[in-house]
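The next block holds one structure in the form of structure tokens; read it before the comments.
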Amino acid sequence: MRCPKCQFENPEDSKFCFECGHKFELRCPHCDKAVPVNVKFCNECGHKLSLLSEAPPHKDLSFDEKLEKIQKYLPKGLTEKILSQRNKIEGERKQVTVMFCDMEGFTGLSGKIDPEEVYSIMDQVYEILIHKVHDYEGTVNEMTGDGIMALFGAPIALEDAPQRAIRSAYAIHREMSRFNDRMKQEKENFPPLKMRIGIHTGPVVVGTLGNDLRVEFKAVGDTVNLASRMEGLAEPGTTYISDETFKLTEGLFRFEALGKYEVKGKTDTVNAYRVIAPSTRRTRFDVSAERGLTPFVGRERELELLLDGFERSKAGRGQAFSIMAEAGVGKSRLLYEFRKAVANEDVTFMEGKCLSYSRGVANHPVIDILKANFDILEGDGDFEIKEKLKRGLKILRTDEASTLPYLLELLSVKESGIDTKTLSPEAIKDRIIEALNRNTIKASEIRPVIMAIEDLHWIDKSSEDRLKSLLNIISGARIFLIFTYRPEYVHTWGTKSYHSQVNLNRLSNLESLAMVSHLLSSEAIDGDLENLIIEKTEGVPFYVEEFIRTLKDLKIIERRDGQYGIVKDVQEITIPSTIQDVIMARVDASPEGAKEVIQTGSVIEREFSYELIKRVTGLTEQELRSRLSILKDSELLFERGIYPDTVYIFKHALTREVVYDSILTRRREELHEDIGNAIEEIYKESIDEYYGALAEHYICGKNYNKGADSIGGRATGTI
Ligand SMILES: Nc1ncnc2c1ncn2[C@@H]1O[C@H](COP(=O)(O)OP(=O)(O)O)[C@@H](O)[C@H]1O
Ligand SMILES: [Mg+2]
């Protein structure tokens, strides 16, 4: 407890300050009599003081102290990561989701309750807010008088940022209602505290980044303002979101459209939506599947391989299959098609998903599968869970005594029946895994089991241990395991003769165009449009779908005389934000320093030489090579030629474009000019070949004199 006089931190139950001898006293909120700390009731009026004595007295924290407090709660490692990349994040153009969260009822509270207690309550509320934001990997950027402003997707880009923001808001409301229940039990006249939350997604330019991770925005634009306006509109206890956030999360939640609102500072009215509840669909693919999928193209061979593996496992030779591909290439879709193909078979199909925001939740996909199998629903109480498990175990003919307690423990049911005194946590964990394995084997004796776990690149450690152990026991059982993951996931289960991996390739041009025809419901597509789509989407089905949707939304393509074609300047095309998010999240995930190199590379060209990037970045050979090799390993770049004559190439033109766009104009201009100068120096001898590139860099770098010289040089052969 902190001494109010000298600020010294004393042990919790001190009666006097160690440092200055100040006597600690509190006042009874009922009769205002001074009472010592650590007493339960007031000796004047009998008022219960438990809350007062439990909570250390809080003084009004200064802004810096509050920020320090936020820091304490940040997920481990994140602070270092962000700060280490600070220079590269500053001045970046980013798509972020901004959340404003404000408390309603605060004024009423300050009137009714002792100020000391108000601080203690506010502290607990802040703690809820901060935790729930961090659970979804957002960062708290400001603490306002009675709330917070949080960011999702900055300083570090995040996949699914809008979805995370809404889930975080939902968790905040839920936790606040629990908090109110708790307070009500302690204090009869406690007014319920409700949050008003507003969310909006849009571009911002990240300004300076303080040591405390607070992001200043250089060009705030409308993004932050509109989020704050949404919060202003929201009723207490609800979350309001803007059109932009709505479009990115439609289908994942149930929303109520509230119509148009006039907003200060905006000429057009804006749409607002109220978040009602999460839907049962949790991934982008679930939403598409519900809405209607693009007819399936290609992948015959891969589907054949899966069906073949299933046939073998049905005969008692268990098989495991990994489907590996980058985001959006079609892993979930292939799995879905496989599931359709075996729909008429008598099998038990179990499906678990790792989610982008669930890596911190132990056993997430394992619990998912267990609950689905035993028909355990969201609101089931401990008693119902127990009954359902018992019933299920009877059907499986599994020994209840050695299994039930461990399943209960896994589902965090109170009084699971495990003797925690004699068993270590490690031993409990092993037994849980054994119990699960036993169940799966028993289930496969009744009918073949197919177990699919999606997106292992987001798996938590405990679930991974469970899968590893399961993999060891399937070879003689009727079990077919299917995993999907992105290339960055490296599995640790070694080689097994019954495990195979399929790498899904990008679609061929013909296959992509077949998708396009389906999406536009037309075979007649103009050649230029075809080329544009092939160039921009590079055979990634997800990009094809998003890109066509954007082209249609922006009315860049239209059907004229029975044929689809481009009707506007293609310069107007921006890369859909869904695609940007996926790519930027990947780039931001690369370790320190690598990002700076890829950004510089993106300004040079899709291809750049080692010599040139070395000159422009000014890094030492060792440093630069290590950063380039990181980028190569994460498959953002590939390499051609032998060192030092190496050339680096962006694996995808789109990655280059997204990275390039994220760099602020001023910085980009500087880089272009630096690159121009470097080219002039390095290629002095054969400068003729470089006039074109030179002119472009100088012009983009706004050095028009040199730009004109380069063009002139090309014409006359001199520079
Ligand atoms: N072979 C295909 N034919 C048609 N559409 C496809 C194909 N593969 C994927 N898609 C579509 O592309 C989108 C992204 O695919 P998805 O399976 O979700 O990718 P991943 O799971 O690898 O991230 C989905 O809407 C899906 O229906
Ligand atoms: Mg998927």
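Points to keep in mind about this one:
- Residue check, GLU696 in the same structural domain as ALA589 (by TED's automatic domain parsing), of a type in the set (Asp, Glu), under 26 Å from GLU538 (Cα atoms) and more than 35 Å from the chain's Cα centre (by Cα): yes
- Hits in segment 468-499 (condition: of a type in the set (Ser, Thr, Tyr) and either within 26 Å of the chain's Cα centre (by Cα) or not assigned by TED's automatic domain parsing to the domain that holds LEU303 (or both)): THR484, TYR485, TYR489, THR492
- When residues of segment 465-516 are limited to those that are more than 16 Å from ligand 2 (Cβ to nearest atom) and of a type in the set (Lys, Arg), the one nearest to ILE367 (Cα to Cα): ARG466
- Any hit, segment 383-404, residues being among the hydrophobic types (A, V, I, L, M, F, W, C), in contact with a Phe, Trp or Tyr (Cβ under 9 Å, 6 or more places away or on another chain) and over 24 Å from ALA171 (Cα atoms): yes
- In segment 351-372, the residues that are within 20 Å of PHE152 (Cβ to Cβ) never reach a residue that is surrounded by fewer than 16 Cβ atoms within 10 Å (Cβ to Cβ) with C-beta atoms less than 7 angstrom apart, at least six apart or across chains.
- When TYR273 is tested against the conditions (1) in the same structural domain as GLN95 (by TED's automatic domain parsing); (2) in contact with a Phe, Trp or Tyr (Cβ under 7 Å, 6 or more places away or on another chain); (3) within 16 Å of ligand 1 (Cβ to nearest atom), the lone failure is (3).
- Elements of type strands (runs of 3 or more DSSP E) in segment 242-351, at least 1 residues being within 15 Å of ligand 2 (Cβ to nearest atom): 319-324
- Residue list for segment 277-301, restricted to those being out of contact with any strand residue (DSSP E or B) (no Cβ under 8 Å at 6 or more places or on another chain), of a type in the set (S, T, N, Q) and more than 6 Å from ligand 1 (Cβ to nearest atom): THR280
- Looking only at residues of segment 448-462 that are within 19 Å of the chain's Cα centre (by Cα) and surrounded by fewer than 22 Cβ atoms within 10 Å (Cβ to Cβ), we find that the one that is farthest from ligand 1 (Cβ to nearest atom) is LYS461.
- Residue list for segment 232-249, restricted to those being closer than 25 Å to GLY105 by Cα and crowded, with 24+ Cβ neighbours inside 10 Å: ALA234, THR239, TYR240, ILE241, SER242
- Residue count, segment 455-501 (criterion: under 25 Å from ASP346 (Cα atoms) and assigned to a strand (DSSP E or B)): 8
- Verdict on VAL342 being surrounded by 17 or more Cβ atoms within 10 Å (Cβ to Cβ) and more than 16 Å from ligand 1 (Cβ to nearest atom): yes
The values are calculated or read from the model by the stated rules, or taken from the named source; none is laboratory data. Keep in mind it's a predicted model, so treat the numbers as computed, not measured. Please note: Cβ atoms are built from the backbone with ideal geometry, for glycine as well, and neighbour counts cover all protein chains shown.
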